[in-house]
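The values are calculated or read from the model by the stated rules, or taken from the named source; none is laboratory data. What you see is a predicted model, and the numbers here were worked out from it, not measured in a lab. Here the Cβ positions follow ideal geometry from the backbone for every residue, glycine too, while neighbour counts run over all protein chains shown.
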Amino acid sequence: MADIRRTVGSGTAWEPIVGYSRAVRIGSMVAVAGTTAALPGGGVVGPDDPAEQTREVIRRIEGALAAVGAALTDVVRTRMFVVDIATWEAVGRAHGEFFADIRPVSTMVQVAALIAPELLVEIEVDAVVTDHSAVE
């Protein structure tokens with residue numbers, strides 16, 4: 001029997017325009033799209049604070065994972081995109097608040113810009129659901 005494709009959206013204006021989901025799960029594999037701290041009506045959580053944006057992003061990722069039956073403990077890879085690599089330590093420490101014991105493989109790169117100028121950090125993750133968080 002084929003694995004069922006499960007998707008979850010976050011309701012952002014960009015999802016229907018671009019044609020993507022916040023998270024997709026097929027079998028035990030989960031991918032969470034690039035996630036930012038953008039607010040629905042404009043603005044961001046943690047303006048001018050890359051660490052607070054990172055915390056908000058990971059909390060949103062945690063919610064997307066939960067919506068498809070996964071958890072942060074299932075995360076095997078994170079990719080962090082920052083607009084200023086000089087903020088690497090603040091972003092990295094905030095990432096470590098959530099992942100210090102999980103220790104997924106991780107990448108952080110500087111990008112020229114994100115979708116809105118007030119956004120400082122975008123993170124995407126891949127996860128593999130293990131027995132402890134399996135929900136079918």
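For every residue, the table says whether it meets (1) part of a helix (DSSP H, G or I); (2) modelled with pLDDT of 95 or more; (3) not polar (S, T, N, Q).
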position	(1), (2), (3)
TYR20	no, no, yes
GLY34	no, yes, yes
THR54	yes, yes, no
ARG59	yes, yes, yes
**Asked** Hey, ARG79 hits all of (1) within 23 Å of ARG6 (Cβ to Cβ); (2) of a type in the set (D, E, K, R); (3) in contact with a Pro (Cβ under 8 Å, 6 or more places away or on another chain) but one; which does it fall short on?
**Response** (3)
**Prompt:** Here is a list of conditions, (1) assigned to a loop (DSSP other than H, G, I, E, B); (2) surrounded by fewer than 18 Cβ atoms within 10 Å (Cβ to Cβ), and GLY46 meets all of them except one; can you say which number that is?
**Reply:** (2)
**Message:** The conditions are (1) under 23 Å from ILE17 (Cα atoms); (2) part of a helix (DSSP H, G or I), and ALA94 fails exactly one of them. Which is it?
**Reply:** (1)
**Asked** When the residues of region 3-32 are filtered to those that are in contact with an Asp or Glu (Cβ under 9 Å, 6 or more places away or on another chain) and polar (S, T, N, Q), which remaining residue is nearest to THR130 (Cα to Cα)?
**Response** SER28
**Prompt:** If you scan region 97-126, which residues turn out to be surrounded by 14 or more Cβ atoms within 10 Å (Cβ to Cβ), out of contact with any Gly (no Cβ under 8 Å at 6 or more places or on another chain), closer than 24 Å to MET29 by Cα and not β-branched (Val, Ile, Thr)?
**Reply:** PHE98, PHE99, PRO104, SER106, ASP126
**Message:** Just to be sure before I move on: is ASP74 modelled with pLDDT of 95 or more, among the charged types (D, E, K, R) and either surrounded by fewer than 18 Cβ atoms within 10 Å (Cβ to Cβ) or touching a helix residue (DSSP H, G or I) at 6+ places or on another chain (Cβ under 6 Å) (or both) in the structure I sent?
**Reply:** yes
**Fill in**
Considering residues that are among the aliphatic types (A, V, I, L, M), buried (at least 18 other Cβ atoms within 10 Å of the Cβ) and farther than 18 Å from PRO117 by Cβ, the number found within region 9-43 is 4
**Pairs with Cβ under 8 Å, 6+ apart, first in region 99-113 and closer than 12 Å to ASP74 by Cα, second part of a helix (DSSP H, G or I) and polar (S, T, N, Q)** = ILE102/THR73
